[in-house]
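Everything on this sheet refers to the single structure shown next.
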Amino acid sequence: MVETAMSLFTIGVFQDVAWAEKGLQALKAQGITPEIISIIAKDSPETAALIERTLGAAAPTLDIRGIGPARARGPLVAALQGTGGELTKLGLAATARRVGFQSHDGRIFETLTSRGGVLVGVTSEARAADALAVLHSYGGGNASIGAWAGRV
């Protein structure tokens with residue numbers, strides 16, 4: 001049986017740090033707080049600076065299978081990592097089911113992120129539709145809501 005996290009996540013992948021910054025600013029303008037935002041991206045000085053500016057703290061470097069050295073911070077990272085380090089050992093494609101996404105969604109997220117994309121996740125069922133609209137509007141590719149039971 002597949003273990004899933006209890007939180008609901010809305011995820012999109014931006015093509016680069018510049019696009020991600022625009023999307024993250026728009027999320028904040030909509031009242032989405034840094035505590036419910038997650039970011040995963042290939043390790044670079046730009047990525048590290050983006051995470052620190054957006055989330056208010058530095059992100060650790062993780063060696064994520066399928067992506068390589070990456071910066072990752074937020075509730076989505078904890079949910080994917082689990083207690084046994086599954087995110088680093090298995091990658092996004094294999095752990096996406098933990099947060100309500102199909103494995104093919106995880107493969108898309110992993111591929112886009114490994115090519116330099118910036119994955120942004122928002123934790124909040126109450127704001128899932130708002131987050132999805134912002135992610136789509138600001139270039140968050142393949143934006144979707146995992147296992148959402150609500151209505152738009």
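The values are calculated or read from the model by the stated rules, or taken from the named source; none is laboratory data. The structure presented is a predicted model; accordingly, all values stated were derived computationally and were not measured. So basically every Cβ, Gly included, is an ideal-geometry build from the backbone, and we count neighbours across all protein chains shown. Just so you know, the surface numbers come from the protein's heavy atoms only, side chains and all, with ligands and any DNA or RNA stripped out. Shrake-Rupley method; radii C 1.70, N 1.55, O 1.52, S 1.80 Å.
So the values come out like this:
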read-out	value
Looking only at the range 128-142, and only at residues there that are open to solvent by 60 Å² or more (accessible area, probe 1.4 Å) and either assigned to a loop (DSSP other than H, G, I, E, B) or in contact with a strand residue (DSSP E or B) (Cβ under 8 Å, 6 or more places away or on another chain) (or both), the one that is farthest from residue 54 (Cα to Cα)	142
Some residue of the range 108-127 being in contact with a strand residue (DSSP E or B) (Cβ under 8 Å, 6 or more places away or on another chain), surrounded by 23 or more Cβ atoms within 10 Å (Cβ to Cβ) and of a type in the set (Phe, Trp, Tyr)	yes
Subset of the range 49-81 [assigned to a helix (DSSP H, G or I), more than 13 Å from the chain's Cα centre (by Cα) and either more than 11 Å from residue 39 (Cα to Cα) or not aliphatic (A, V, I, L, M) (or both)]	49, 52, 53, 54
Residues that are of a type in the set (S, T, N, Q), under 21 Å from residue 112 (Cβ atoms) and surrounded by fewer than 18 Cβ atoms within 10 Å (Cβ to Cβ), drawn from the range 57-85	61
Any hit, the range 4-19, residues being farther than 16 Å from residue 132 by Cα, of a type in the set (S, T, N, Q), assigned to a strand (DSSP E or B) and open to solvent by 50 Å² or more (accessible area, probe 1.4 Å)	no
Criterion (in contact with a Pro (Cβ under 6 Å, 6 or more places away or on another chain) and polar (S, T, N, Q)) met by exactly one of 47, 33, 61, 83	61
Subset of the range 94-107 [surrounded by fewer than 20 Cβ atoms within 10 Å (Cβ to Cβ), in contact with a helix residue (DSSP H, G or I) (Cβ under 8 Å, 6 or more places away or on another chain) and in a helix (DSSP H, G or I)]	94, 97, 103, 105, 107
